[in-house]
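First comes the structure, then the notes that go with it.
The values are calculated or read from the model by the stated rules, or taken from the named source; none is laboratory data. In this text, all values refer to a predicted model and were calculated from it rather than measured experimentally. Don't worry about glycine lacking a Cβ; one is built from the backbone with ideal geometry, like all the others, and counts go over all protein chains shown. Heads up: the accessible areas ignore ligands, DNA and RNA and are worked out on the full protein's heavy atoms, side chains in. Shrake-Rupley method; radii C 1.70, N 1.55, O 1.52, S 1.80 Å.
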Amino acid sequence: MKKDKVNIVTLGCSKNLVDSEVILTQLKGNGINTDHESKKDDSNIIIVNTCGFIDNAKQESIDTILRYADAKADGQIDKLYVTGCLSQRYKDDLEKEIPQVDSFFGTMELPALLKKFKADYKHELVGERITTTSNHYAYMKISEGCDRPCSFCAIPLMRGKHVSRPMEELVQEAKNLARNGTKEILLIAQDSTFYGLDIYKKRNLAELLQRLSDVEGIDWLRLHYAFPTGFPLDVLDVMAERQNICNYLDIPLQHGSSKMLKLMKRGTTREKTESLIQTMRSKVPDIAIRTTLIAGHPGETEEDFNDMVDFVEKMRFDRLGIFTYSHEEDTHAHSMEDDVPDELKQERANHVMQVQEQISRELNEAKVGKTFKTLIDRKEGGQFIGRTEFDSPEVDNEVLIDATKHYLRIGDFAAIKVTDATEFDLYGEPV
Ligand code: SF4
């Protein structure tokens, strides 16, 4: 009798990746042969963990489901299950449109998914997560869902209300990760700065950072997905105080025009945002700030866009990404006219990235001659590739070291002196 083998395929963000890792851990914990993103064609059961964020992501999820639906129709696989944000949001439509899928599950329906494998949800495995990233770094989700009303965002529709994970559970998970060799933990959430307001009735991220920073073996703690409004400033004090908390902050700001921030229901203004950034830079002088912006939100005029460009030029963010607005049904903005043509949305996004490229090049060139503690992630094309504390995996700059001249161990830290720089990468040698 052919033994079942499961392959989990993950789309979307790091929060979805953590969900896939939890599914992997639970299935393996129930003795079911399971892999994640296996390249081998030896699995007869596929679980697609989808993303439903914006148009492109939704299309990628649908294409992936259809690919496996064809594989099932060709008899290459026996079962196809779909979970994640797209499934949560469009279950009824998807069930009608893609009947080859055996079952669709929402983002909170893991026990029901496990039932398909006659498996039970094992509470004893909470915090004992098998990670799929390089052994030396791992994501840790500190909360689920979001209570914010951002006009353009469908995430609360797919992830529900904000729910913080208990601090004890997170500390135990960090200890388990450290025991398994993790040196860097990336803290993720929909809104990490909301942490604690539900279960501890106060913003408690600073205390969580202190507790996690006390965990032995964790060299780097990295904070992602902060929110500007009501930002808990005590987080910056802990960041400045603790060596193993990266002087790094990912804080999506979305726009640089007060009029647009109001339309986007962000609860803040350009002035308040600038003063928050200045406070961050005064409390943590070498902090690297990553942000994300949206071009082409309904109501955005040329003047508003110029405000955004001026904001980017003035704030000189270390890392910046920009999306083009996606008209998502059931969001607040969907009731507005999507009045910025797609080409103009893209043109504006490209222009901002050109401005940022120059800023990033200047900031990187200023690092030439300096030495940075660098975590070596991998070896590729004759180079060792690593990151400084100012760079998050997969989204930020990398440090490239000539592997024909130097030997470094993957997963180790090395002191790297920067010898050259481009707009998005640094080149260096061990000292
Ligand atoms: S903070 Fe705003 S943009 Fe982020 S997940 Fe919540 S609603 Fe969406």
- Query: Using mean Cβ contacts within 10 Å as the protection proxy, how do 96-102, 53-59, 373-379 order, highest first?
  - Reply: 373-379, 53-59, 96-102
- Task: Evaluate the distance, in nm, between pseudo-label points positioned 7 Å from the Cα of K262 and of Q76 along their respective Cα→Cβ axes.
- Result: 5.4
- Query: Sorted by mean Cβ packing within 10 Å, highest first, what order do the peptides 359-370, 78-89 take?
  - Reply: 78-89, 359-370
- Cα centroid of the stretch 309-372 to Cα centroid of the stretch 257-282, whole Å: 15
- Mean separation of Cα contacts under 8 Å (at least 6 apart) over the residue count of the stretch 50-176, i.e. the relative contact order in percent, is 20
- Whole-percent carbon and sulfur contribution to the accessible surface of the stretch 283-431 (1.4 Å, no ligands, DNA or RNA) stands at 47
- Item | Which of A366, F413, S392, positive extreme of dipole for the stretch 355-431 (C-beta unit charges) | F413
- Computed accessible area, V355, all protein chains, 1.4 angstrom probe, square angstrom: 30
- Please give, to one decimal in nm, the separation of the simple spin-label points placed at E216 and M108, each 7 Å out from Cα toward the Cβ. 3.9
- Message: With every protein chain left in place and a probe of 1.4 Å, what is the accessible surface of S103, to the nearest 10 Å²?
- Response: 20
- Net charge of Cβ neighbours under 12 Å - reference L66; Lys, Arg +1; Asp, Glu -1: -2
- Item | Lys, Arg +1 and Asp, Glu -1 on Cβ, resulting dipole of the stretch 147-209 about Cα centre, debye, nearest 20 | 40
- Task: Report the relative contact order of the chain, percent, no decimals, based on alpha-carbon pairs under 8 angstrom and at least 6 residues apart.
- Result: 10
- Item | Dipole magnitude (debye, nearest 20) for the stretch 201-249, charges at Cβ of Lys, Arg, Asp, Glu | 280
- Query: Which of these, T404, T301, T193, has the largest mean-square fluctuation under a Gaussian network model of the chain (Cα springs below 10 Å)?
  - Reply: T404
- Query: Can you list the HN-Hα couplings for the stretch 111-121, worked out from phi with the Karplus curve (6.51, -1.76, 1.60; θ = phi - 60°), rounded to whole Hz and with x for Gly and Pro?
  - Reply: x, 5, 5, 4, 4, 4, 10, 6, 10, 9, 6
- Q278: net charge of surrounding residues, Cβ under 14 Å, Lys/Arg +1, Asp/Glu -1, itself excluded? +4
- Query: Scanning the chain for helices, which whole DSSP H stretches are 15 Å or more long along the axis (Cα) and average -1.0 or more by Kyte-Doolittle?
  - Reply: 14-29, 55-73, 167-179, 302-315
- Query: Ignoring ligands, DNA and RNA, what accessible area per residue does the chain give at 1.4 Å, in Å²?
  - Reply: 43
- Query: Near K116, within a Cβ-to-Cβ distance under 10 Å, what is the net charge of the other residues, with Lys and Arg +1 and Asp and Glu -1?
  - Reply: +2
